[in-house]
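The values are calculated or read from the model by the stated rules, or taken from the named source; none is laboratory data. Small disclaimer: the values here were computed from a predicted structure and weren't measured. Glycine gets a Cβ as well: all are built from the backbone with ideal geometry, and neighbour counts include every protein chain shown.
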Amino acid sequence: MTQLAALPLTSTPRRERTFAWEDPRAAARAGAALSGIEYLRAIATGALPQPPIGMALGMRLTQVSEGRAVFECTPDETHFNLIGTVHGGLAATLIDSATGCAIYSTLGLGDRWTTVNLSVDYLAGLDEHSGPIRCEANVVRVGGTIAIADARVLDGRGALVARGSTTCLVRRAR
């Protein structure tokens, strides 16, 4: 067993990262008066703020149309796992966010959704040189209570690095 004191550690300056976000409850209240696509367009254009999870991970909703949502993120060392590569949770979060928003873009005023299943296939690793990554999601089907969407995560060169799908429970406004 290797002793921790014997491991060669480099002496580098400590890194810090700070970020700011708007009150997510205020944005949600503003969004309650909008259809799903109207709310998402307001976020994508900056009329309403990105959610705090996006600020924390450096991801943002950049495009939305009915049945489609696109998120972007540039991986860096703040996304690293313990072996020095980007944690798979980043791609999973992008897929969950993009597929959920693709579904939400088809819902009406007061309708809501929640993920009940998320499936992710990792096809290649990501690191700080992967460039801006893009997650493109498209609705497969939206029914009365169940919705399904698929997504692809592409690296900065356009190579497919992950794919996934979600099943969401839809709650219609009364």
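Give the residue that is farthest from Asp76 (Cα to Cα), with candidates limited to residues of segment 1-35 that are at pLDDT 90 or above and polar (S, T, N, Q).
Selected residue: Ser35.
Asp111 - would you say it is farther than 18 Å from Gln50 by Cβ, of a type in the set (D, E, K, R) and touching a residue at least 60 places away in the same chain (Cβ under 8 Å)?
On the way: farther than 18 Å from Gln50 by Cβ: yes; of a type in the set (D, E, K, R): yes; touching a residue at least 60 places away in the same chain (Cβ under 8 Å): yes.
It is true that Asp111 is farther than 18 Å from Gln50 by Cβ, of a type in the set (D, E, K, R) and touching a residue at least 60 places away in the same chain (Cβ under 8 Å).
Since Glu72 meets every condition but one in (1) free of Cβ contacts under 8 Å to residues at least 60 places away in the same chain; (2) touching a Lys or Arg at 6+ places or on another chain (Cβ under 8 Å); (3) farther than 20 Å from Thr167 by Cα; (4) not in a helix (DSSP H, G or I), which condition does it not meet?
So Glu72 meets the others, but not (1).
Being of a type in the set (Lys, Arg) and in contact (Cβ under 8 Å) with a residue 40 or more places away in the chain is the requirement here; does Arg29 meet it? Even if it seems obvious, please write down each step before you answer.
On the way: of a type in the set (Lys, Arg): yes; in contact (Cβ under 8 Å) with a residue 40 or more places away in the chain: no.
It is false that Arg29 is of a type in the set (Lys, Arg) and in contact (Cβ under 8 Å) with a residue 40 or more places away in the chain.
When you scan segment 137-144, do you find a residue that is assigned to a strand (DSSP E or B) and within 13 Å of the chain's Cα centre (by Cα), even just one? Write out each step before concluding.
Applying the first criterion (assigned to a strand (DSSP E or B)) to segment 137-144 yields 137-142.
Subset that is within 13 Å of the chain's Cα centre (by Cα): 137.
Yes.
If you check Ala124 against the conditions, is it in contact with a strand residue (DSSP E or B) (Cβ under 9 Å, 6 or more places away or on another chain), over 29 Å from Arg29 (Cβ atoms), of a type in the set (A, V, I, L, M) and in a loop (DSSP other than H, G, I, E, B)?
Working: in contact with a strand residue (DSSP E or B) (Cβ under 9 Å, 6 or more places away or on another chain): yes; over 29 Å from Arg29 (Cβ atoms): yes; of a type in the set (A, V, I, L, M): yes; in a loop (DSSP other than H, G, I, E, B): yes.
In short, yes.
Mind listing whichever residues of segment 80-121 are part of a helix (DSSP H, G or I) and either closer than 16 Å to Val139 by Cβ or modelled with pLDDT under 95 (or both)?
Taking segment 80-121 and keeping what is part of a helix (DSSP H, G or I), we get 88-104.
Matches in segment 80-121: Ile95, Asp96, Ser97, Ala98, Thr99, Gly100, Cys101, Ala102, Ile103, Tyr104.
So, of the residues in segment 124-174 that are buried (at least 20 other Cβ atoms within 10 Å of the Cβ) and of a type in the set (Ser, Thr, Tyr), which turns out to be farthest from Ile37 (Cα to Cα)?
Taking the candidates together, the pick is Ser130.
Kindly establish whether Val86 is farther than 27 Å from Gly46 by Cβ and not hydroxyl-bearing (Ser, Thr, Tyr).
Details: farther than 27 Å from Gly46 by Cβ: no; not hydroxyl-bearing (Ser, Thr, Tyr): yes.
The answer is no for Val86.
Scan segment 42-59 residue by residue and report those that are farther than 27 Å from Arg14 by Cβ and not in a loop (DSSP other than H, G, I, E, B).
Of everything in segment 42-59, those that are farther than 27 Å from Arg14 by Cβ and not in a loop (DSSP other than H, G, I, E, B) turn out to be Ala42, Ile43, Ala44, Thr45.
If a residue must be within 16 Å of Glu128 (Cα to Cα) and buried (at least 23 other Cβ atoms within 10 Å of the Cβ), how many such residues does segment 80-99 contain? Spell out how you get there, then give the answer.
Residues of segment 80-99 that are within 16 Å of Glu128 (Cα to Cα), as a first pass: 80-91.
Remaining after also requiring buried (at least 23 other Cβ atoms within 10 Å of the Cβ): 90-91.
The total comes to 2.
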